[in-house]
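Enquirer: Sending over a structure as structure tokens; questions will come in a sec.
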Amino acid sequence: MAFTLPELSYAYDALEPHIDARTMEIHHTKHHAAYTTNLNAAIQGTEMEKMTIEEILANISKYPAAVRNNGGGFYNHNLFWAIMSPNSEGEPSDRMNIHKAITRDFGSFENFKKEFSAAAMTRFGSGWAWLCVDASDKLFITSTANQDNPLMDVVEAKGTPILGLDVWEHAYYLNYQNRRADYVSAFFSVVDWHAVTQRYNDANPGASNF
Ligand code: MN
């Protein structure tokens, strides 16, 4: 079964001024579309055609580089669009499980933001910063190169990603040029914490027992 490029649930200009419409449109219709097309080409006629994207990523060491690059690109952007919203409240409300878990594991939301931003800033070249849930329900921050992600069996820090930030230059260069720090800071104005807390709950069915 072929993978399909998802529609965004908001308009390309909905995240302005934090992420501009032109960047969003090119990012979705060119970059994400290409990862999707190339992933489908790379899995055609293989056992991967019957697998979910999560299953493919969990076994990525068995598959060609084209699947790693484009399967990662397909999954990562699906997550990225889904955890942003024009209706962001900036930070999670203290009633959300994700707020409780962030406070538990990072001390405070401010400290989490500082550590996540540092991960995004220190990723050299192209890649992603992630907030993940590990096997024992703890949150951790990590970053990966290129289109790798924490679901892949080849990465050092494995877990379920619930928030991801694309720090490839194609994600910000038109509006921010070399100012990655300004882009990282602006990202926090568009994070959909309802979507993140939902992903946290799904990754960790025990979470509702706070
Ligand atoms: Mn991208």
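Enquirer: Could you pull out every residue, at least 5 positions away or on a different chain, whose amide H is within less than 5 Å of the one on Leu163? Hs are placed 1.01 Å off N in the peptide plane, and Pro or chain starts have none.
Expert: Leu131
Enquirer: Okay, moving on. Taking the Cα centre of segment 1-48 as the origin and placing charges on Cβ (Lys, Arg +1; Asp, Glu -1), which of Ile43, Ala33, His18 is farthest toward the positive end of the dipole?
Expert: Sorting the options by dipole projection puts first Ile43.
Enquirer: When the label point is put 7 Å from the Cα of Ser126 along its Cα-to-beta-carbon vector, which residues of segment 44-76 have a backbone N closer than 18 Å?
Expert: Residues 64-76 fall inside that zone.
Enquirer: For an R0 of 25 angstrom, estimate the FRET efficiency from the Cβ-Cβ distance between Glu169 and Ala34 and round to the nearest 0.05.
Expert: For R0 = 25 Å, the calculated efficiency reads 0.95.
Enquirer: Quick check for me: using +1 on Lys/Arg Cβ and -1 on Asp/Glu Cβ, what's the dipole size of the chain about its Cα centre, in debye to the nearest 20?
Expert: 300 debye
Enquirer: Shifting gears a bit: Cross-link list Lys114/Lys158; Lys113/Lys158; Lys62/Lys138; Lys30/Lys138; Lys62/Lys113: which exceed 25 angstrom alpha carbon to alpha carbon?
Expert: Lys62/Lys138; Lys30/Lys138; Lys62/Lys113
Enquirer: To the nearest 20 debye, what charge dipole does segment 115-210 have about its Cα centre, counting +1 at the Cβ of each Lys and Arg and -1 at the Cβ of each Asp and Glu?
Expert: Dipole magnitude for segment 115-210 comes out near 160 debye.
Enquirer: Still on this structure, please answer the following. Counting pairs of Cα atoms in the chain, how many percent are more than 25 Å apart?
Expert: 36 percent
Enquirer: Separate question: By Kyte-Doolittle mean hydropathy of at least 1.6 and Cα axial length of at least 27 Å, which whole DSSP H helices of the chain are selected?
Expert: none
Values quoted throughout were computed directly from the atomic coordinates according to the rules given, and no laboratory measurement underlies them. Please read all numbers here as calculations on a predicted model, not as lab measurements. Backbone-built Cβ (ideal geometry, glycine too); neighbour counts: all protein chains shown.
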